[in-house]
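Notes for the one structure printed next.
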Amino acid sequence: MTRPTASRPKQRWALALTALVTAAAAPSYAQTPQKSPPRVDDKNAPTTVQAEEIGGRPEREITLEREAEVVRGKTRVTADTACYKEVEDEVDASGHVHMWRFGDQYTGDLLNLNLESGKGFLLHPTYKMEISNGQGKAQRIDFINEDEMVVIDGTYSTCEGLDPDWYLKSSTLNLDTGRDVGTGAKTIVYFKGVPIVGTPAISFSLSGARRSGWLSPTPGAGPDGKPQLMVPYYFNIAPNRDLTLSPNIIPARGLQIGALGRYLGETEAGTYSGQTDLVFLPHDKETDSERYMLNSQHAQALAPGLSFGWNVRADSDNNYPNDFSTTVAASADRQLMRELSIDYRSPFWTLSARAEAYQVLQDPAALLNPALTLAQPYGRLPELNFHSGRFDVAGGFDWAMDVEATRFTNPDPTLVDGSRLVVSPQISYPILGPGYFITPKVMLTASAYQLDASQAQSTQFPNRSPAAAVPTFSLDSGLVFERDEKPFGHALTQTLEPRLFYVYTPYRDQSQFPIFDTAAATFNQTQLFSENRFVGTDRIGDANQLTAALTSRFLEASGAERLRFTIGQRISFTEQQVQLPSLTPVNSTRSDLLVTATGRISDTWTFDSAEEYSPSSHATVSSNYTVQWKPAPKKVLNLAFLYLQDNFKNVQVSSQWPLSQRWYGVGLITYSTLDKRVIESLIGLEYRADCWVLRMGAQRFISSVNTVSNPMFFQLELNGLSKLGVGNPLDAFKREIPGYQNINPVIIR
């Protein structure tokens, strides 16, 4: 074989396992693949070799000198020199070795690789994996097979470059793309060259997918500011089931154990899903008692149309939210519902049954003030509901029938227990036209009670079996006018929609009925067009009233609503006689004036507003104004004004905003102008690098009458590895800042 000169083209040989010489071009390899292809290779693919000089023994081995290249399927090797052993199907390469395999890239000094099994080794390597951009360097890599390799005395990071911002260093690091897992022994995590975490063993997902293992320890502080350390372990039981156990070391209280189980699935009958969160402290050293929290939900289809579910919540004691809640919502939620339900739905009727009870957590500091004490809601043990209805029958009539049977119980001995049966049929005849509608409707609400004899003997309820039937007639009507407009320079369709809603309900004495589940309805746009001014059926308000409203909408060509304005008021022609015993009777013939406006001024500005104004007292009863400016992704500014007469008058500002190319600020402040103090605040900073994110922040809110919580957050998120820090600032930012967006583009599943 003659020795080629440097000016001659490279010699190229292609060999199959049958020693058949064929011509084949070298495959192309993407340098920055977006998705890892399946690691499946064609074992019968030919082996193609080329170099400046080729020699060797036929059917035994081929030596390649200068710019050597060996290609088999999805594996390509280049080096200064190489030797392909045909019998062993093995490549030896040295000098500036580069290898591409299934999208992964390697460099090194010396390579031995069996092309059939994928087994071999590489000395002084660097590597870059297609999956999750994992890369590093080592003293040696041992290839176990096409999916698995062992990195000896090496590093791993998802950062680009020879000097990554973070990396982990292990004595041995096993990277298995087939099982999507990386495991390391004697591992230290470095950030900016400084060791921050050391562990004798580590395990992580190469792609960021869920897998079993220890999660990062989470130091933090409780609502009382005392330190604690949580060390969670995650069980990836199945793709649709998981469990997280969270031992929480609280030096001042003891060892608290948390367990969160989640599941979803599908049976022949349909789908099911749910989760249960249990936190248990066997012995609280501060209170010398057992403390716990339970929150469980489940929903399941048992058969076509038949479903079952529960929602169970419980705390061990009244002080649990004060001592352990780290969010505003958790500290304020003190009526814990326990509900079990089963429902059956058919095309024209539904039947449901449920049992419901409440645990009320009284703020111990509020017990001295009766006005701050929470009332104990009645339990429904059980409640049966039947609903049936049809539309457009017998020439255009709509009809419906509702039946409810409920047993009410209350642990308060001063309140009466009893049963209630309510039957409510209704029929209407909608008359619809291109620009108008008229809907007359007649309905009847018949209620019958059976009160417990032991309590019904009181003077308050002398009649053990009160009953009443209350008829109601309503007439709903409206017009729709349209015209083309160009506000803000956009072609829109403006509508003008006047609406009149008349209701007549004669007076029926219902003072002999107890109040099981009824309260005055909140005055809003929906309630303006409701037949009953109460929520619940213990009281059906007498009415001879007319609601007048005017709505104007701006619609885009697609039909999407851009702006909506509404003004409405209810006028009573007779004095309202049916009242709730706990409320001051309303004698005004005119209701408050309700004005609402909501919509999108531009692509970046949105607003929502509502105001309730009392013409009789010439005062605003309630108002709610919110404005959001979102000029670009990760840029949002929210302004809100919230007011309720004799209750609160708050101003709230919240925002997420870039401070520089990589720094972002988040903040929220809620100020009470009545109390002249800040009732909630949040401040945070975020820094986004290419392969990690730093978040820090602090929050302050009132958790009870005499308690203020001050949680703090610090989190370092290493893309593709884990989150390290104190608390969970990401959850707090998402929860408190409307329109907040995660600044980290990496998706961790």
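Things to note:
- Fully extended contour minus Cα-Cα distance, from residue 600 to residue 280, at 0.36 nm per residue: 110.5 nm
- Solvent exposure, largest accessible area first (probe 1.4 Å, DNA, RNA and ligands not counted), of 317, 104: 317, 104
- Here's the picture: charge each Lys and Arg Cβ at +1 and each Asp and Glu Cβ at -1 in segment 558-648, and of 607, 567, 648 the one pushed furthest to the positive end of that dipole is 607.
- Net charge over other residues, Cβ less than 9 angstrom from the Cβ of residue 154 (K, R count +1; D, E count -1): +2
- Annotation: extensible slack from residue 681 through residue 552 equals 42.7 nm (criterion: 0.36 nm per residue apart, minus Cα-Cα distance).
- Here the calculated FRET efficiency for residue 201 and residue 124, from their Cβ-Cβ distance with R0 = 35 Å, stands at 0.85, rounded to the nearest 0.05.
- In loop segments of segment 143-191 as defined by DSSP, the trypsin sites (Lys or Arg not before Pro) with at most 14 further C-beta atoms inside 10 Å of their C-beta are 179.
- Per residue, segment 115-162 exposes 40 Å² of solvent-accessible protein surface, assessed with a 1.4 angstrom probe and all protein chains in place.
- Estimated from the Cβ-Cβ distance and a Förster radius of 45 angstrom, the FRET efficiency linking residue 741 and residue 573 is about 0.30.
- Here residue 710 and residue 335 are evaluated by their C-beta separation; at R0 = 22 Å the FRET efficiency comes out at 0.30.
- For the chain, 83 stand unpaired, since no other cysteine beta carbon lies under 4.7 Å from theirs.
- Straight-distance crosslink candidates among aspartates and glutamates, where the alpha carbon sits under 20 Å from residue 723 and sequence neighbours closer than 8 are dropped: 160, 165, 180, 242, 686, 690, 731
- Sulfur and carbon atoms: percent of accessible area, the chain [1.4 Å]: 59
- Directionally averaged shadow of segment 373-525, computed from the convex hull of its alpha-carbon atoms, nm²: 14.3
- Label corresponding to P(r) over Cα pairs in 20 Å bins from 0, in percent when calculated from the structure given, among (1) 15, 43, 33, 9, 0; (2) 17, 50, 29, 4, 0; (3) 12, 32, 31, 17, 7, 1, 0: (3)
- With both labels modelled 7 Å from their Cα along Cα-to-Cβ, the residue 637 to residue 561 distance reads 2.8 nm.
- Chain lengthening between residue 163 and residue 312 when straightened (0.36 nm per residue, less Cα-Cα): 48.5 nm
- Summary: within the chain, the longest segment free of chymotrypsin sites (Phe, Trp or Tyr not before Pro) located in DSSP loops with at most 14 other C-beta atoms within 10 Å is 1-347.
- Dipole magnitude (debye, nearest 20) for segment 678-745, charges at Cβ of Lys, Arg, Asp, Glu: 60
- Estimated 222 nm signal from helices in the chain, with DSSP H stretches of n ≥ 4 weighted -39500 (n - 2.57), rounded to 500: -500 deg cm²/dmol
- For residue 576, neighbours were defined as the other residues whose beta-carbon sits under 15 Å from its Cβ, and their charges (Lys and Arg +1, Asp and Glu -1) total 0.
- Nitroxide proxy distance, nm - points 7 Å out along Cα→Cβ at residue 421 and residue 529: 3.5
- Alpha carbon centroid spacing (whole Å) that separates segment 84-152 from segment 532-603: 73
- What separates the Cα centres of segment 625-682 and segment 379-398 is a distance of 44 Å.
- Gap separating the Cα centres of segment 190-261 and segment 280-338, nearest whole Å: 22
- Lysines with Cα under 25 Å of residue 85, excluding same-chain neighbours fewer than 8 positions away: 10, 43, 74, 119
- Quotient of the Cα radius of gyration of segment 176-275 and 2.2 N^0.38 Å, N being its number of residues: 1.36.
- Placing unit charges on the Cβ atoms only, positive for Lys and Arg and negative for Asp and Glu, gives the chain a dipole magnitude near 920 debye about its Cα centre.
- Count Lys and Arg as plus one, Asp and Glu as minus one, and take only other residues whose Cβ is under 13 Å from that of residue 181; the net charge is then -1.
- Contact order relative to length of the chain, as percent, for alpha carbon pairs under 8 angstrom and 6 or more apart: 5
The values are calculated or read from the model by the stated rules, or taken from the named source; none is laboratory data. What you are looking at is a predicted structure, and each value in this text was computed from that prediction instead of being measured. When we count neighbours, we look across all protein chains shown, and the Cβ atoms used for this are built from the backbone with ideal geometry, even at glycine. These accessible areas exclude ligands, DNA and RNA; they are computed on the full protein's heavy atoms, side chains included. Shrake-Rupley method; radii C 1.70, N 1.55, O 1.52, S 1.80 Å.
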